Amino acid sequence: MKKQKENLTVLLWSVRLAYRISPKFFLFWILFGISLALLPSASLACNRRAVAVLADYLATGQGSFGDVVPALLALGILLILTGLSRRINGEFLYAQMYDTYYFGMQEYMADRIQKTDIKTLMDREFYEDYRYCLYRSGGLTDLMSHGCITVMKSITALSLIGVAFSVSVPVGLTAVVCFLLTVFLNSRLSSRFVVDTLRHKALRARSDYYSAEARNPGAAKEMRIYHTQSKLLGKWKEAYQGILRFDMKYDTGRCFLSVFVAACIYLSILAMSAFAISRVAAGKLTADVFLMLYLLGESLADVNRAFSTALFEALRGLDALKMQHRFLTGAPLQEDRLLNRKAISEAISRQRQCSDVVFEARNLHFSYDGKNEVLHGLNFQIRKGETIALVGVNGSGKSTLVKLLIDLYRPDRGELLLYGKKYGEYPEGSINQQIGMFFQNFYLYHLSLRENVGFGSLKYLKEDGRIRRAMEMGGALPLLEKCPEGLEQLLKKDVKKTGINMSGGEQQKIAISRTHMSEKDILIFDEPAAALDPIAELEQFRNIREKTRGRTSILISHRIGFARMADRIFVLDRGCLAEVGSHEELLERDGIYADFFRQQAEWYEEG
C-alpha cells in the first residue's frame, strides 16, 4: 500500500512538472493521443457497415455499386489513419518529447540546485545523488512518452471491448480478461526487473570516477610513471560489470515479459476466434460480424502488445522519477534571493554607522555533518579598517570560518554578528552581497576574459579602464599579450576551439583580478598566492595591501610572511582560536605562531 501511494504521489508530481515545463506541448499530445486512440474501434464499426452493405448488394443485387462506394471510402480513410497511428509508438514519442522533457528536467533540476541550501549542496552524498539524477534525466521523457502510449492503448482497448460487448457478451468478457491479464502480468513481472537504484547509483559513481581518472592528463602521467594502468582498469571493469549486469537484467526482463504476454494474448484471441467460428457454423453469426470479430482479435492483439511494452517502459521511467522526487523535494531550500539590493545596502549602511565592529563571533561552534565539530567556541571581534591574517596548518578551520563569515553556512551553536546585528536578522543572501571574496577553489567560466574579471562588479563590465586596472592589481595585465582578441578572448577550449587555456598561476591572477573589481568595504582573500612564484606572491600581497587600505580585510595563507602586513593575526589550531595579536606580540609570546614562523624562516636562512 505504501509503495502504491508513493507511485501515485510521484506520478502526479511528474504530470504537474511536465505540464509546467510546456503546457501547450502537454495538452497537444493528450488531445491528439485520445483522437488516435478511438480510430481502431471507429474503423471496426465502419468495416462492419461496409461489409454488411456490400454483402447485401451481392446477395440481393438491389441498388447500385455507387451505394457501396461511400462506405468503402470511409473505411479506407479510417484504415489509412489507423495504420499511420500505429507509427506513433513509444520510440517516436520519445524522439518528439526528448528536447522538451529531457532538457526541461535538467533545467528544473539546475533551478532547484540554485535554491538549495549551500550546506546541503556541498555534501558529497548529495552531490552523488545529484549526478545520478542528472544521469537519469530521461525518466520524465520515458514516463511521458510511454505513459502517453499506455493511456492511448488503454482507451483503445476499452473502446474495442465496448465493440466486443455490442456483438456478444462472451466475446466481450474474453476481451476484458485478455486486457486485464496484460495489466496483471505487467504489474507483477515488471517489478522484478526494476533496477536497484542505490546499488546502481554506487556502481555508476565508481565507474564514472575511474573512467574520468583514465582521461585526466595528470592522472595519465602518474599512471605511466608508476605503471598503475592495469590496476585502475581492473577497478573500472569491476564497477562497470555490475552496471552491465543491471542492464542485462532489464533487457532480459523486457524480452521475457513481451514474449510471455504475447503468448497469453494470442491464446485469448484463439479462444475468441474458436467461439466465433462455432457461431458461424451454427448459423447464428453473419459474415460481417465474423469479419469484425476477426479484426477485433487482431486489433486487441496489437493494442495489448503495444500496451505491455509501453507500460513496462513507463514504470521504468517512474522508478527513475522516484529518486528525483525524493532528491528534489527533500533538499532544504534557501529563501528567494531576488532581493531589493539597493534597499538592503542602504539598511546595512545605516547599521554600519551604528557599530565600529564589523564581525563578532560569540562562542561559535560548527560541524559539516552535525557530529564532528570543525570549529570550537570561537570568540573574537574584527573592527572597521582592520586587516586580519588567518594563520594555521591544513585542517585548522581557516576556510571553514570564512564560509561562516560570508554566510554560506550557519553555526551549529553560538552567534555571528555583522555590525552588531545577528546574521539571522538579515535577509537571506544579503550578507555576502556586502563582501568581496576570493575563494581558494575559484572557478573560471567558459567566457571572455572581460567577463571572467568583470563579474566581480557587473556594473563596470563594459568599462575597459576599470577592468584593466583590476587586472593590473591582480597581476593579470601581462596576460593580454597572449590573448589575440584582447579582453574579448574566450578562456578555455570546452565551448569553442578558439579559446585559450591558462596555467594555474595565470588562472589565479584572473580570479584575483575579479576580486579587485569589487568596491565593497569588506574583502576576504583565501590563499590568493598559492599558485604563484615567490616574486609574484610578494607583488600580489602588495597589491592586496593597497586595495584593502581603509577597508576591512581578511587574508588567509599558509605562507606566513604575509602576516607581517596584518594589523592582527588570528592563529587557528584544530578549530580553536589559539592566539591573537600582532606579528611582534606573537613572536614575543613564543607560542604556536612563533614556532610556525621559525620553521618557515629556516628555508630562507643559510646553514
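No lab work stands behind these numbers, since they all come straight from the coordinates. Worth saying up front: this structure is predicted, and the values here are computed from it rather than measured. Note: ideal-geometry Cβ built from the backbone for every residue, glycine included; neighbour counts use all protein chains shown.
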Give me a comma-separated list of calculated 3J(HN,Hα) values for the stretch 446-458, in order, Karplus coefficients 6.51, -1.76, 1.60 applied at θ = phi - 60°, integers in Hz, x for any Gly or Pro.
7, 9, 6, 4, 4, 5, 4, 8, x, 4, x, 7, 4
Point-charge dipole on Cβ atoms (K/R +1, D/E -1) for the stretch 376-456, about Cα centre, debye to 20
160 debye
The answer for Leu523, listing residues at least 5 apart or on another chain whose modeled amide H is closer than 5 Å to its amide H, is Gly436, Thr552, Ser553, Ile554
Can you list residues whose amide H is under 5 Å from Asp573's amide H, if they're 5+ apart or on another chain and H is modeled 1.01 Å from N?
Ala578
Could you run the Karplus curve 6.51 cos²θ - 1.76 cosθ + 1.60 with θ = phi - 60° over the stretch 213-223 and give me ³J(HN,Hα) per residue in whole Hz, x for Gly and Pro?
4, 5, 8, 7, x, x, 5, 4, 4, 4, 4
Pairs from Lys115/Lys492; Lys398/Lys520; Lys422/Lys509; Lys221/Lys492; Lys422/Lys520 whose Cα-Cα separation, in the structure shown, is over 25 Å:
Lys115/Lys492; Lys422/Lys509
